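Peer 1: Below: one structure in structure tokens.
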Amino acid sequence: FSLDAYVDLFNMSIDNSRVGSLDVPVSKRCEDINAYHTLAVYKYTCRGLFEAHKLLFSLQLCLKIMETQGLVNQDEFNFFALGAGLVDRLVQRKNPGDDWLPAIAWDNVTEMDKLAGFQGLMSSFEQMPRDWKAWYMSGKPETEQMPGDWSIKCSELQKLCILKALRLDRVLFAAARFVSANIGPEFVDPPSFDLKAVYETSNCKTPLIFVLSPGVDPTAGILQLAAQMNQRLENCALGQGQAPTAVRMIEEGVQKGLWVFLANCHLMLSWMPTLEKMIEALVEGTPHPKFRLWLSSSPDPNFPISILQRGIKMTTEPPKGLRSNLLTLYNTISDEQFNRCHHQSAYKRLLFALVWFHAILLERRKFKSLGFNIPYDFNESDFAICHDLIIVFLDEYPDRVPFDAMKYLIAEANYGGRVTDDWDRRLVNVYIGELFCDECILSEKFMLAELPDYYIGEEGDLKHYKELIRAMPQTDHPLAFGQHSNSDMAASIDDAGNMIDVLVSLQPRIIKAVDEEAVDPLAAQCNDLLQQTPDVFNMRQVKDKLDSRSDPDPLKTVLYQELDRYNKLLSAIQRSLSTIVKVTAGLASTTAELEDVMLSLGQLKVPKLWGSTYPSLKPLGSWMRDLAQRIDFFSGWVDDSLPMCWWLPAMTYPTGFLTAVLQVSARMNGLSIDSLSYETPVQISGDKLSISSYPKDGVYVSGIFLEGATWNFTGSYLEESRPMELISAMPIIHFKPVEGKRRQGKGFYTCPLYMYPVRSGSRERPSYVVSVDLRSGKFSSDFWTKRGVAMLLSTSF
């Protein structure tokens, strides 16, 4: 909002909120204005927000209103926003449900029990573990009664805290219920987009701004409205050399009352200051009453803020769901185009398969890392090219459909041209391989997924296929993508975590005046962290110990490099924490770097300064425990002997360690390191104490997690994840160097191993480590590829 825009909206609320008699008490009139204006602000703002941010705005609005009424307990809100924080598990009571309740959830319960509103919660879990398990395992716990009398004695915010502590995946749904219960259901029901209604709230001095998202073009909507209003529209797609045309259009539009649409402003950011001045001149001048300036731009931090503040902002988003995407694509096909191919039977079926392929790739992005390592912006031009390609191939080769050529050009050249990750390309090829085959053309009812609702039925005209699509479910089950039902839960956890992170960033940083003798909470936190931070390694003593041992030289080199990195990290942690303690005591001055550390500590996040040694998504408490484990592993290596079983997550560069193991094997066997690769037999146990001797060649490795599936320890193969189990532990794996390139045998799934849950990593630090062949069990390799199965060295909790 600019102040002018807000004042206009407020004046409109005063006028429109008066209903019926003018003789209304002042207090009642103020309440009416306040209620009307709050909803008007919500509706006005929602126009310019993407769908993902509308609930966040509702929740922030609700919390602020409740805060002014004294209805928000700050300790409870802090727990909802920040979580448990630093937990000492050595003094923690035993988890009564360790077979179903994750350790991180029990941490949350034990910390909540310390708050006044949750006293007795821990005892309730100990006394009624079955009841709590039933609630925890339910599909919609936010609608279920909690065990005991907790549903009765908890406020709405307290219920939200319990849900966040135990079932983060349901927080978005619970947040909507929370807003609805406290300020009204209309605040979780954003207005549907109506371009004419938006136009009617505008005037000749107010630009109308479309905030673009990939795959959406608002031009058709504006043209349709202009035709409906019998209004002439001048349209200009901005780009190099278009500035004079745009200026001429605006000047002509101001004089004659035309509509002017300047598309893709983000492509001419250098010209935006000129546009900014022209809009200021509009506000001060007297343009024709019918004049309207329409703009469209992708989100860009360099877009002039004054234009955004003066304008009415609208978001444009692509359709959501398989059904909507399928219909959208079929609506782009004309009857003439549909009847163009001479081999109609094969064409109609392959066209439906291509439309399904496109929709699957777009919608699969909602599963985050289980969907694609990198989200790609496939658009209608990709589909249009491949559509033409099908027609050409069918007409050119009437005797036999050239599936291999089609699959290559679609999955590798056209769609694959956008795909930059090798594992994502494998997934795209799996989908196209399942769809473009003889069965698709020959089968009377070709199934597109494991569910009975998705299939290519009997032939018909364009209208027939649209009716077939409309009969499909409105909500997409994960099985339609070849995903497990847990994948929805994983995506919901990510979305809820992102919403809470943004909510925390919106909170003001409050400095409280405290008694001089009271302990500063930041100083107390820093002192606590200092006690938990391990000591720096003495490199001279380490080298003296290692010199007298027969550890292989490549592994010694890895050890020295790893300890150097950890020493830099530990020194940075100790230095920053010690300085912050001095700053709080008034004995040192702060810096921008320290400000960042203090802000992160206040939000219980890992400071950016500390996170550069190795990538991690863990919150501060888990990260400190993980750091202590890493240092303990290296201390054991230095003080005792070469590990029999290596805890791979301890390595900041695991690829360097695995290369060193190959180097040891190459020297021992007199081979070139380039001729070696790994075989990766999986052991029957995950307990490193079961390893009593060194392998003849290579290393035993532990500490690996499996995402998207679980491991059958008895049969040694992949199997379906258990309900609500997103990540499971893998057994020990033997990384065994062998001569020659390994070949994937039948019945194996080549599983990538990543350092942490962000599979794409960053430009500086790729997340990918190595691939491991795992027995695929009852299902094919393609089945696990669609599941998005991968192994991780670190989790996000």
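Peer 1: Based on this model, can you work out whether Leu409 counts as under 24 Å from Cys440 (Cα atoms) and under 29 Å from the mean Cα position of the chain (by Cα)?
Peer 2: So Leu409 does not fit the description; no.
Peer 1: Here are some residues: Leu223, Leu157. Which one is part of a helix (DSSP H, G or I) and touching a helix residue (DSSP H, G or I) at 6+ places or on another chain (Cβ under 6 Å)?
Peer 2: When all the criteria are applied, what remains is Leu157.
Peer 1: Of (1) modelled with pLDDT under 90; (2) touching a helix residue (DSSP H, G or I) at 6+ places or on another chain (Cβ under 6 Å); (3) closer than 22 Å to Ala246 by Cβ, Pro319 satisfies all except one. Which?
Peer 2: (3)
Peer 1: I'd like to check which strands (runs of 3 or more DSSP E) are fully inside segment 718-797 and have at least 2 residues that are β-branched (Val, Ile, Thr).
Peer 2: Per the criteria, 733-739, 768-775.
Peer 1: With (1) assigned to a loop (DSSP other than H, G, I, E, B); (2) touching a Ser or Thr at 6+ places or on another chain (Cβ under 9 Å); (3) in contact (Cβ under 8 Å) with a residue 60 or more places away in the chain as the list, and Ala175 as the residue in question, which single condition is left unmet?
Peer 2: Evaluating Ala175 over (1) assigned to a loop (DSSP other than H, G, I, E, B); (2) touching a Ser or Thr at 6+ places or on another chain (Cβ under 9 Å); (3) in contact (Cβ under 8 Å) with a residue 60 or more places away in the chain leaves (1) as the failure.
Peer 1: Follow-up question, since we're still on this one. Scan segment 28-56 for residues that are of a type in the set (D, E, K, R), closer than 18 Å to Thr315 by Cβ, out of contact with any Lys or Arg (no Cβ under 9 Å at 6 or more places or on another chain) and open to solvent by 30 Å² or more (accessible area, probe 1.4 Å) and report the count.
Peer 2: 1
Peer 1: Now for a separate question. Gly120 versus (1) under 29 Å from Thr45 (Cβ atoms); (2) open to solvent by 20 Å² or more (accessible area, probe 1.4 Å): which is the lone unmet condition?
Peer 2: Against the list (1) under 29 Å from Thr45 (Cβ atoms); (2) open to solvent by 20 Å² or more (accessible area, probe 1.4 Å), Gly120 comes up short only on (1).
Peer 1: Quick one: count up the residues across segment 518-550 that are within 23 Å of Val699 (Cα to Cα), out of contact with any Ser or Thr (no Cβ under 8 Å at 6 or more places or on another chain) and not hydrophobic (A, V, I, L, M, F, W, C).
Peer 2: Residues meeting the conditions: 5.
Peer 1: Only residues that are more than 14 Å from Val428 (Cβ to Cβ) and open to solvent by less than 10 Å² (accessible area, probe 1.4 Å): list them for segment 358-382, please.
Peer 2: Phe367
Peer 1: Does segment 629-657 hold any residues that are of a type in the set (Ser, Thr, Tyr) and over 17 Å from Val769 (Cβ atoms), and which are they?
Peer 2: Correct list: Ser635, Ser641.
Peer 1: Within segment 769-780, track down each residue that is under 13 Å from Pro752 (Cα atoms), touching a residue at least 24 places away in the same chain (Cβ under 8 Å), open to solvent by 10 Å² or more (accessible area, probe 1.4 Å) and not β-branched (Val, Ile, Thr).
Peer 2: Asp773
Peer 1: From the set of residues in segment 630-658 that are among the hydroxyl-bearing types (Ser, Thr, Tyr) and touching a helix residue (DSSP H, G or I) at 6+ places or on another chain (Cβ under 8 Å), which is farthest from Leu569 (Cα to Cα)? Give the steps one after another, and end with the answer.
Peer 2: So in segment 630-658, the residues among the hydroxyl-bearing types (Ser, Thr, Tyr) come out as 635, 641, 652-653, 655.
Adding the requirement that they be touching a helix residue (DSSP H, G or I) at 6+ places or on another chain (Cβ under 8 Å) leaves 652-653.
Working: Thr652: 11, Tyr653: 14 Å.
By that ranking, first place goes to Tyr653.
Peer 1: If a residue must be among the hydrophobic types (A, V, I, L, M, F, W, C) and part of a loop (DSSP other than H, G, I, E, B), how many such residues does segment 288-339 contain?
Peer 2: Residues flagged as among the hydrophobic types (A, V, I, L, M, F, W, C) and part of a loop (DSSP other than H, G, I, E, B) within segment 288-339 amount to 3.
Peer 1: Suppose we filter Thr328, Thr316, Thr286 for residues that are farther than 30 Å from Leu726 by Cα and open to solvent by 50 Å² or more (accessible area, probe 1.4 Å); which single one remains?
Peer 2: Only one candidate passes the filter, namely Thr286.
Peer 1: From the set of residues in segment 579-595 that are touching a residue at least 40 places away in the same chain (Cβ under 8 Å) and surrounded by 14 or more Cβ atoms within 10 Å (Cβ to Cβ), which is nearest to Asp520 (Cα to Cα)?
Peer 2: Among them, the one singled out is Thr584.
Peer 1: Among the residues of segment 355-371, how many are part of a helix (DSSP H, G or I), within 13 Å of Arg759 (Cβ to Cβ) and touching a helix residue (DSSP H, G or I) at 6+ places or on another chain (Cβ under 7 Å)?
Peer 2: Of the residues in segment 355-371, 3 are part of a helix (DSSP H, G or I), within 13 Å of Arg759 (Cβ to Cβ) and touching a helix residue (DSSP H, G or I) at 6+ places or on another chain (Cβ under 7 Å).
Peer 1: Find the helices (runs of 4 or more DSSP H) located wholly in segment 45-145 whose residues include 3 or more that are over 31 Å from the mean Cα position of the chain (by Cα) and modelled with pLDDT of 90 or more, and list them.
Peer 2: 121-127, 129-137
Peer 1: Then there's this: Being on the phi < 0 side of the Ramachandran plot, surrounded by fewer than 15 Cβ atoms within 10 Å (Cβ to Cβ) and of a type in the set (A, V, I, L, M, F, W, C) narrows it down to one of Ala181, Ala226, Ala263, Ala246, so name that one.
Peer 2: Among Ala181, Ala226, Ala263, Ala246, only Ala181 is on the phi < 0 side of the Ramachandran plot, surrounded by fewer than 15 Cβ atoms within 10 Å (Cβ to Cβ) and of a type in the set (A, V, I, L, M, F, W, C).
Peer 1: Would you mind finding the one in Thr274, Thr315 that is under 26 Å from the mean Cα position of the chain (by Cα) and hydroxyl-bearing (Ser, Thr, Tyr)?
Peer 2: Thr315
Peer 1: Still on this structure, please answer the following. List the pairs whose first member sits in segment 91-116 and is free of Cβ contacts under 8 Å to residues at least 60 places away in the same chain, whose second member is among the acidic types (Asp, Glu) and open to solvent by 50 Å² or more (accessible area, probe 1.4 Å), and whose Cβ atoms are under 9 Å apart, counting only residues at least 6 apart or on separate chains?
Peer 2: Partner pairs satisfying both residue conditions: Arg93/Glu126; Lys94/Glu126; Pro96/Glu126; Trp106/Asp98; Leu115/Asp75; Ala116/Asp75.
Peer 1: Is there any pair with a first residue in segment 688-709 that is closer than 22 Å to Ala790 by Cβ and a second that is open to solvent by less than 70 Å² (accessible area, probe 1.4 Å) and assigned to a helix (DSSP H, G or I) whose Cβ atoms are under 6 Å apart and which are 6 or more apart or on different chains, and what are they?
Peer 2: Every condition considered, the pairs that remain are Val699/Val661; Val701/Leu648; Gly703/Leu648; Gly703/Pro649; Gly708/Leu370; Gly708/Arg787.
Peer 1: Could you say which residue among Gln603, Gln683, Gln663 is open to solvent by 20 Å² or more (accessible area, probe 1.4 Å), over 31 Å from the mean Cα position of the chain (by Cα) and farther than 20 Å from Pro554 by Cβ?
Peer 2: When all the criteria are applied, what remains is Gln683.
Peer 1: Turning to a different aspect of this structure: Given the criteria within 30 Å of Phe367 (Cβ to Cβ), part of a helix (DSSP H, G or I) and among the basic types (Lys, Arg), does Arg248 qualify?
Peer 2: Answer is no for this residue.
The values are calculated or read from the model by the stated rules, or taken from the named source; none is laboratory data. Just so you know, these numbers come straight off a predicted model, no measurement behind them. Note that we place each Cβ from the backbone using ideal geometry, even for glycine, and neighbour counts take in every protein chain shown. To get the accessible areas, we keep the full protein, side chains included, count just its heavy atoms, and leave off ligands, DNA and RNA. Shrake-Rupley method; radii C 1.70, N 1.55, O 1.52, S 1.80 Å.
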